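Read through the structure below, which is laid out as C-alpha cells, and then see the notes.
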Amino acid sequence: MEMDVPISVAYECYSDRESIPRWMPFISSVKILEDKPDLSRWSLKYKAFGQDIEYSWLARNMQPTPNQKIHWRSLEGLPNRGAVRFYPKGPSSCIVELTVSYEVPQLLVPVASALQPFLESLLRRGLERFAVFAKSN
C-alpha cells in the first residue's frame, strides 16, 4: 500500500509494536517483555463467523533492517510469522508491504476457505488505518 509519509516515518511508526492495536482492528494488545525486548506477547480478539475469536502468542522480533524490514515469528501460541517491508516511492512517500503466514486454528477449519479473503480484507483495512496513523505522527 502506498503511503504519503517518508519511509523513515512509516518505519518508526510500525516499529512501535505496542501501538499496533491503535490501527490494526483485530489486535487487542501487544506487550514487549521488559526483560527480553526481542520478545512480545500479542493478543487477538475479534467477532467473526458468528464466534468470538481470541488467541494469543509470543513472538520473537527478528533483527530488523532499518527503514527496510521488520519481521517476526511466533514461538508459542497461534503459529504465525510475517514481515513488513518498506520501499521508497519518493522523498515524502513510500510503499508498505505486509506479509503474514499462519496455521488455521482448529476452531476455524470449517470456515478456512472464507478465512483468507476475510483476513486479507482485515489486514488491508489495518494498513489503511496505519497510513492515517503514520501521517498524524
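When region 36-69 is examined, which residues are found to be part of a loop (DSSP other than H, G, I, E, B) and either under 22 Å from ALA131 (Cα atoms) or not acidic (Asp, Glu) (or both)? Give the steps one after another, and end with the answer.
Restricting attention to region 36-69, the residues satisfying the condition of being part of a loop (DSSP other than H, G, I, E, B) are 36-38, 49-50, 62-64, 66-68.
Once the filter is applied, which keeps residues that are part of a loop (DSSP other than H, G, I, E, B) and either under 22 Å from ALA131 (Cα atoms) or not acidic (Asp, Glu) (or both), region 36-69 yields LYS36, PRO37, PHE49, GLY50, MET62, GLN63, PRO64, PRO66, ASN67, GLN68.
Just give me the residues in region 124-137 being farther than 15 Å from PHE26 by Cβ and either among the aromatic types (Phe, Trp, Tyr) or not in a helix (DSSP H, G or I) (or both), in sequence order. Even if it seems obvious, please write down each step before you answer.
Narrowing region 124-137 to residues farther than 15 Å from PHE26 by Cβ: 131-137.
PHE133, SER136, ASN137, listed by residue number.
Got at least one residue in region 51-72 being basic (Lys, Arg) and surrounded by 14 or more Cβ atoms within 10 Å (Cβ to Cβ)? I'd like the intermediate steps shown before the answer.
Initial filter on region 51-72 (basic (Lys, Arg)): 60, 69.
Among the residues that remain, those that are also surrounded by 14 or more Cβ atoms within 10 Å (Cβ to Cβ) are: 60, 69.
Within region 51-72, one or more residues are basic (Lys, Arg) and surrounded by 14 or more Cβ atoms within 10 Å (Cβ to Cβ).
Please list, ordered by first then second residue, the pairs with beta carbon atoms under 7 Å, 6 or more apart or interchain, first in region 22-51 and modelled with pLDDT of 95 or more, second outside any loop (DSSP other than H, G, I, E, B) and exposed (fewer than 12 other Cβ atoms within 10 Å of the Cβ).
VAL30/GLU18; LYS31/GLU18; ILE32/GLU18
Need pairs with beta-carbon distance below 8 Å; first residue farther than 19 Å from VAL5 by Cβ and part of a strand (DSSP E or B) and within region 70-96, second at pLDDT below 95 and of a type in the set (Asp, Glu); sequence gap 6+ or separate chains.
Partner pairs satisfying both residue conditions: ASN80/GLU103.
Could you grab me the full set of residues in region 104-123 that are assigned to a helix (DSSP H, G or I), among the β-branched types (Val, Ile, Thr) and surrounded by 11 or more Cβ atoms within 10 Å (Cβ to Cβ)?
Scanning region 104-123 gives a single hit, VAL111.
Within region 94-107, does at least one residue satisfy the condition of being farther than 20 Å from ASN61 by Cβ, out of contact with any helix residue (DSSP H, G or I) (no Cβ under 9 Å at 6 or more places or on another chain), small (Gly, Ala, Ser) and modelled with pLDDT of 90 or more?
no
From GLY77, GLY126, GLY90, which residue is surrounded by 15 or more Cβ atoms within 10 Å (Cβ to Cβ), out of contact with any strand residue (DSSP E or B) (no Cβ under 6 Å at 6 or more places or on another chain) and not hydrophobic (A, V, I, L, M, F, W, C)?
Numbers: GLY77 fails: out of contact with any strand residue (DSSP E or B) (no Cβ under 6 Å at 6 or more places or on another chain); GLY90 fails: surrounded by 15 or more Cβ atoms within 10 Å (Cβ to Cβ).
None of the other options fit; the residue is GLY126.
The values are calculated or read from the model by the stated rules, or taken from the named source; none is laboratory data. All figures in this text were calculated on a predicted structure; none of them were measured in a lab. Every residue, glycine among them, receives a Cβ derived from its backbone with ideal geometry; neighbour counts consider all protein chains shown.
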